[in-house]
Amino acid sequence: NRSFTNWRPQDIALVQSFYKASIYNLYTDVELITEEVQTINGRPFVVFEFVGTVKDEGQSFRSNRVVSKYIYVQYTIYDNNTLVANFNAPARYKDRWQETARQVMQSIELK
């Protein structure tokens, strides 16, 4: 995905902080596995790998419902836009997909 933003490449630490806060706002619970800036094919990416859980607050038709997902997401700045690549699966499949997700995400190239 591409998000039209005004981030500059030197803002990568700010991008990391901004998206970390967004993750914690989207989920009731976050089990953070990886949070770092990685160089992938010569480009810095902010990488988050986590299990996110959303619990109903009793305001919905299905009270007490819990949804947990394994998520691997990374962000980079390209032409003053934020590019986002993500992988997600039900949390119960984390062990099955984790290594594949890591390999796929490490193979991203921008031209």
* To do: Could you run through segment 80-106 and say how many residues are of a type in the set (S, T, N, Q), loosely packed, with under 15 Cβ neighbours inside 10 Å and either modelled with pLDDT of 95 or more or part of a helix (DSSP H, G or I) (or both)?
  => 5
* Asked: Which residue pairs have Cβ atoms under 6 Å apart, sit 6 or more places apart or on different chains, and have a first residue in segment 13-33 that is farther than 14 Å from GLN74 by Cβ and a second that is open to solvent by 40 Å² or more (accessible area, probe 1.4 Å) and modelled with pLDDT of 95 or more?
  -> VAL30/TYR24
* Would you tally the residues in segment 1-59 being open to solvent by 40 Å² or more (accessible area, probe 1.4 Å), of a type in the set (Val, Ile, Thr) and over 25 Å from ARG92 (Cβ atoms)? => 2
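The values are calculated or read from the model by the stated rules, or taken from the named source; none is laboratory data. Please read these numbers as outputs of a predicted model, since none were measured by experiment. We place every Cβ from the backbone using ideal geometry, glycine too, and count neighbours over all the protein chains shown. When the accessible area is computed, the model is the full protein with side chains, heavy atoms only, and any ligands, DNA or RNA have been set aside. Shrake-Rupley method; radii C 1.70, N 1.55, O 1.52, S 1.80 Å.
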